[in-house]
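Report on the structure given below.
The values are calculated or read from the model by the stated rules, or taken from the named source; none is laboratory data. This one's a predicted model, so the numbers in the text were calculated from it and none came from an experiment. Ideal geometry is used to build each Cβ from the backbone, glycine not excepted, and the neighbour counts take in all protein chains shown. Calculation scope for accessible area: heavy atoms of the full protein, side chains included, ligands and nucleic acids excluded. Shrake-Rupley method; radii C 1.70, N 1.55, O 1.52, S 1.80 Å.
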Amino acid sequence: MLLYVLGLVPLWLVWRWYRERERVDNKGQKYVYITGCDTGFGNLLAKHLDQLGFRVIAGCYTEKGEDELKKSASDKLTTVHLDVSDSASVSKAADYIKTLVGQKGLWAVVNNAGISVPSGPTDWLTIEDYKLMLSVNLCGVIDVTLSVLPLIKMARGRVVNVASVFGRITPFGGPYCVSKYGVEGFNDSLRLNMKPFGVKVACIEPGFFKTHVTDVVVMENGLKKLWDRLPQEVKDDYGQSFLELSMVQLSQRFRLLTDGNLMKVVGCMEHAISAVHPRLRYSPGWDANIFIGYTRPSHAWREALSLPAVVSSHLTLTCAVTVASLAAVLWYIRDSYLVEAFHQKHVFITGCDSGFGNLLARQLDGRGFRVIAACLTEKGSADLAAAASSRLKTFLMDVTDSASIRGAAEFVSREVGEQGLWGLVNNAGRSVPIGPLDWMQLEDFTKVLDVNLTGVIDVTLQFLPLLKKGRGRVVNVSSILGRLSIIGGGYCPSKYGVEAFSDSLRRNMREFGVSVSIVEPGFFKTNVTRLDLIEADLRRLWSRLPQGVRDSYGPAYFDDYVKAQAFSMGILSSPDLSKVTWCMEHALAAHFPRTRYSAGWDAKLLWIPLSYLPSFVSDFFVSLLLPSPACNIN
């Protein structure tokens, strides 16, 4: 049977090769808008598409970039000044493009603009470093896409988002991986939302290539600037030779890994634009294929399960079951060891007004921990204090306000003294606005990103010195929607970003004795999933839509969407919040905390398995949960 299956593989490869050869026609009437065309991939793609006959609109950040590109291209190519981090610049460029393309619409937008510095160990960075890169690499992608999405829908065109292999794995610290994880989340929700309208969305995930983003001199200078501004105690933690060794390793590895043939990436971009049947994802570069293979464990176990040797012998099967059972018992025993002296350990928790944070604060207080609970409102603070012991202390804090966080860090520092902070639980979060992406504006995304992602990063960075002093724990509450993007809005990109930040933080802090755990709950009945709040915000989004967009969805779509959402939430949402708080408590109290915790039957049995399957499978399943727009062309 295995041989028959293997025999189908070459046939499938031939069929895919033949199918992907077909190209769209009338290239001379198709407009393609590319960001980041001053240098690198964007510059080469603009010239390449111009030679193929497309009408290229090249977004450049500098006048020099515009002038040099015009000199090396035909008269058909148009340039436009663009700063993707400036909404006014993005809107101005979109207005110009609208007058240029007219009723034909825009065939494709390529979100290529990006930056890579500052990058370095997490505790070398500030929240401003993260905000700078997120404003370009993530919010810039979202803003540009939303600005031209009506034109893309008009032409039933393409969106090509340039992520990175580091949107799948986080081998180093800093905001780059966080931003690219966010792009992956946005890309997947956009693909689901736009499929009924005939818009195809592709994601490019390059490995290391020789561009300005991977310029060794730029990276070394960036590291040097970060090092120079560090407090002396942080430098002492790393050692005086750390910077020099890091720069030597950086130079060696970049020269070993970077590929000078940018056409490998540009060829993927061009295929996503010109092929009748583009792929959902492209991974150019030998290193990208290795890294992405590493991030897909499902392939390994599928291959292992297909080996006939596993089932060919009862003895082999018996031995395998015995070893697995023994490993499970040993894992359970190891997992049950707890740290001592809870009453001497301080834990700071955000988002304690209600939900997981409120329950965890009371739960840990009952176990003897010295809990400091951050609440957004005075009522939440008073109610929690009344329900807990005198050990528990509350503090009013807004995770979107750096000054508020700084005040909390100073308060906690006085409380913990030289002992340091044992635990930080980043639990505060919000879900709305959520809904179809073309119902939203950039501000709708940033409302969620500011709390769920930037807030987590800011709180962690300001409390990190106390955690290093106490050799403590960081527990970041992500979501199963940080693995699988099934709804539009800022929620999924923010949780994808939390996953990346947590992974890089865990690797950076391991040497300092700080453990980092991620909690990935499924659907639970909290304020984040309150249907009345979600429906009210959806109604707000629907009421402000242009009539043309409403017509494309149909008059009944809003009511159908709300009903489908209520039905799904009713089946999936669990009222037992202790399933999540147990995971949080274990991450704080266990001698050997896990790297990841998945809470809820839906997380374990549905969403995580689905996240390992090919995108077209997960897309099909998710599409069954929501209604189709009136103009569904599929």
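Taken about its Cα centre, the range 18-67 carries a charge dipole of roughly 300 debye when the Cβ of each Lys and Arg holds +1 and the Cβ of each Asp and Glu holds -1. Taking every alpha-carbon pair under 8 Å whose residues sit at least 6 apart, the chain reaches a relative contact order of 13 percent.
Between the amide H of Val425 and those of Phe348, Ile349, Thr350, Val475, distances stay under 5 Å, these residues lying 5 or more places away or on another chain, with hydrogens modeled in the peptide plane. Given their separation in residues at 0.36 nm each and the Cα-Cα distance between them, Glu63 and Val323 gain 87.1 nm when the chain is fully extended.
Expressed as cubic angstrom per residue, what is the convex hull volume of the alpha carbon set of the range 135-288? Let's see the in-between values first.
Working: hull volume 18.3 nm³, N = 154.
Each residue corresponds to 119 Å³ of Cα convex hull volume.
Projecting the Cα atoms of Leu245, Leu223, Val266 onto the charge dipole of the range 206-270 (Cβ charges, centred on the Cα centre) puts Val266 farthest toward the positive pole. Which of rounded, prolate, oblate describes the range 557-634, given a ≥ b ≥ c as roots of the alpha-carbon gyration tensor eigenvalues and a/c under 1.5 marking rounded, otherwise prolate only if a/b is larger than b/c? Cα axes put the range 557-634 in the oblate bin.
Put a dot 7 Å past the Cα of Gln252, heading toward its Cβ, do the same for Trp15, and the two dots end up 4.8 nm apart.
When you filter the GluC sites (Glu not before Pro) in the range 54-133 for DSSP loop state and at most 12 other Cβ atoms inside 10 Å of their Cβ, nothing is left. Each Lys and Arg Cβ is given +1 and each Asp and Glu Cβ -1; about its Cα centre, the range 481-531 then shows a dipole of about 140 debye.
Which whole DSSP H helices in the chain pass both tests: a Cα extent of 30 Å or more along the axis and a mean Kyte-Doolittle value no lower than -1.0?
Taking the DSSP H segments of the chain (at least 30 Å long, mean hydropathy at least -1.0), we get 314-336.
For the chain, with all protein chains in place and a probe radius of 1.4 Å, 58% of the accessible heavy-atom surface sits on carbon or sulfur. Looking at the range 1-105, the trypsin sites (Lys or Arg not before Pro) that sit in a DSSP loop and have at most 16 other Cβ atoms within 10 Å of their own Cβ are Lys76. Of all aspartates and glutamates in the structure, the ones whose alpha carbon falls short of 16 Å from that of Lys30, not counting any fewer than 8 places away in one chain, are Asp50, Asp75, Glu270.
Each Cα pair of the chain feeds into the Kirkwood radius, which the Stokes-Einstein equation turns, at 37 °C and 0.692 mPa s, into a diffusion coefficient of 126 µm²/s.
The aspartates and glutamates whose alpha-carbon is closer than 19 Å to the alpha-carbon of Lys469, local same-chain residues fewer than 8 away aside, are Asp123, Glu233, Asp236, Asp237, Glu340, Glu410, Glu415, Glu418, Asp458, Glu511. Think of the chain as a dipole: +1 on every Lys or Arg Cβ, -1 on every Asp or Glu Cβ, centred on the Cα centre; then among Phe558, Val213, Phe172, Phe558 lies furthest on the positive end. Other residues within the sphere of radius under 13 Å centred on the Cβ of Leu243, judged by their own Cβ, net out at -1 (K and R +1, D and E -1). Each residue of the range 341-350 was assigned a 3J(HN,Hα) from its phi angle through the Karplus expression (A = 6.51, B = -1.76, C = 1.60, θ = phi - 60°), giving 6, 4, 5, 9, 10, 8, 10, 9, 10, 9 Hz with x at Gly and Pro. Taking each of Lys92/Lys180; Lys195/Lys264; Lys180/Lys264; Lys71/Lys195; Lys525/Lys563 in turn, the alpha-carbon distance tops 29 angstrom for Lys71/Lys195. Considering only beta bridges that DSSP places wholly inside the chain, some 5 percent are antiparallel. Think of the range 74-140 as having a plus end and a minus end, set by charges on the Cβ of Lys, Arg, Asp and Glu; of Asn137, Ala108, Trp124, Ala108 sits farthest toward the positive end of this dipole.
Summarising the amide proton neighbourhood of Tyr597: residues at separation of 5 or more, or on other chains, whose placed amide H is nearer than 5 Å comprise Ile518, Val519, Glu520. Size of the range 133-195 from its Cα atoms: along the principal axes, largest to smallest, the extents are 40, 20, 14 Å. Between the DSSP loop rule and a limit of at most 15 other Cβ atoms within 10 Å, which trypsin sites (Lys or Arg not before Pro) in the range 126-160 are left? Those satisfying the criteria are Arg156. Annotation: amide H of Gly198 within the under-5 Å range of Ile633, sequence separation 5 or more or interchain, hydrogens built in the peptide plane. Here the gap between Ser568 and Tyr337, fully extended at 0.36 nm per residue and compared with their Cα-Cα distance, gives a gain of 79.4 nm. What is the range 60-107 by shape, rounded, prolate or oblate, if you read a ≥ b ≥ c off the alpha carbon gyration tensor as root eigenvalues and call it rounded for a/c under 1.5, prolate for a/b larger than b/c, and oblate otherwise? The shape class here is oblate. For the chain, a crude dipole built from +1 on the beta carbon of Lys and Arg and -1 on the beta carbon of Asp and Glu, taken about the Cα centre, is about 1200 debye to the nearest 20.
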